[in-house]
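Each reported figure results from applying straightforward, stated rules to the coordinates on display, with no laboratory input. Just so we're clear, the structure is a prediction, and the values are computed from it rather than from any experiment. When we count neighbours, we look across all protein chains shown, and the Cβ atoms used for this are built from the backbone with ideal geometry, even at glycine.
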Amino acid sequence: MTSPVRSLAASRTPLTFAAIVLLFLGLASTGVAFGSTWIPLTQVWDVLLGAEIRGKTVIILQFRLPRVVIAALAGGGFAVAGYLLQRVARNELASPGILGVVDGAALAVVCFLAALSNESNALLTSVAYQPVAAVAGSIAAIFVVFTFAGRQSASAIRLLLFGTAVAAVLKSLTVIAMLVGPVYQAGQAARWIAGAVNEINWNEIRITAIGMLPLTIVVLIVARRLPPADLDEMSARSVGLNLPSFRIQIFVLAAAITALSAAFVGGVGFIGLMAPHLARRLIGRGVHFGLIGSFFIGASMLVGADLIVRLLFSPTEVPAGTVPAVIGAPYFLYLLMRNQRHG
């Protein structure tokens, strides 16, 4: 028999999910409307639905909408990657940043920029290869973590410890790569690492979306096997799941999603930590609602962060990634202390 509490929670899930989606749409609309001049929301939606408004259409479609779209895609991607990692690691402290995934992507992109940029700050190759560099760096970081963990890689705690150590080393290497490179490369790399969504064009969004499509399909396929991942290794084997092998697959998948999200936006931290927590508290532990809810919460976080820095620092362009870092670092310490008390 289903308990009344569980039935009530299940009945509230669609309403909560709808509220999360509406919050995202509100933030996204406001993000497009706000700028050097305010554009009424009615005109924003008219343009998005195909209307031509003189003096507004170009501003909305070419300057303001791209930064909102890339913020939504990247923020949602970080959140989904964090959700996968926390579920399969059975640890609420797991996130792309803590496991070295973000720092692996950062080092690869900085090296990419340093090696293939000229003195005019222009890439000597197609920008489409930047996500390839980020994905390669993230997967390499995961490989290093598992290599060091060795036989202890079946332990989620061990993976977190080795991931934190590898992340620290990669961060140091990234700083060194920036310092030894020319100043023009260091400036662009520093902006990328902080996490900025301005100066994004539709070609970069198209590359990100094309890469996200097959990864989304894979996520939906593996999501059906996520609930047994909450079990210990022996219990998982009893239901036909090789947990260590499945954990490696999820880590690689999360690394690819993180790298693609960070390819043009940068290493935005802590969204992958906070968004899955909020999704579980608001929606519950249902996998598919949790994944989609995490996406919209993460998207709302980065779109909202970009809106906050524009409101506070306009006309200066401050990287949007600074806001999740300011909020996320104390939140991580809170989780750490709470786990210590419970442990």
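Quick look at the numbers
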item	result
Relative contact order (%) - segment 12-342, alpha-carbon pairs under 8 angstrom, separation at least six	32
Cβ charges +1 (Lys, Arg) and -1 (Asp, Glu), total dipole of segment 12-342, debye	860
Additional length obtainable on full extension of the chain from residue 13 to residue 317, 0.36 nm per residue less Cα span	105.7 nm
Residue 221/residue 126 FRET efficiency (R0 35 Å; Cβ-Cβ; nearest 0.05)	0.70
√(5λ) per eigenvalue of the Cα gyration tensor, the chain, largest first, Å	32, 27, 17
Gain in span if fully extended, residue 51 to residue 176, counting 0.36 nm per residue against the direct Cα distance	40.0 nm
Leading residue at positive end of dipole, segment 18-128 (Cβ point charges), from 28, 122, 85	28
By average C-beta atoms within 10 angstrom, highest first, the peptides 300-307, 274-281, 100-107	100-107, 300-307, 274-281
Shape category assigned to segment 239-323 from the gyration tensor of Cα positions, a/c cut at 1.5	oblate
Cα gyration tensor shape for segment 1-144, rounded if a/c is under 1.5, else prolate or oblate	oblate
Residue-averaged [θ]222 nm for the chain, counting only DSSP H segments that reach four residues, each worth -39500 (n - 2.57)	-24500 deg cm²/dmol
Dipole-positive endmost among 301, 160, 268 within the chain (Cβ charges, Cα centre)	160
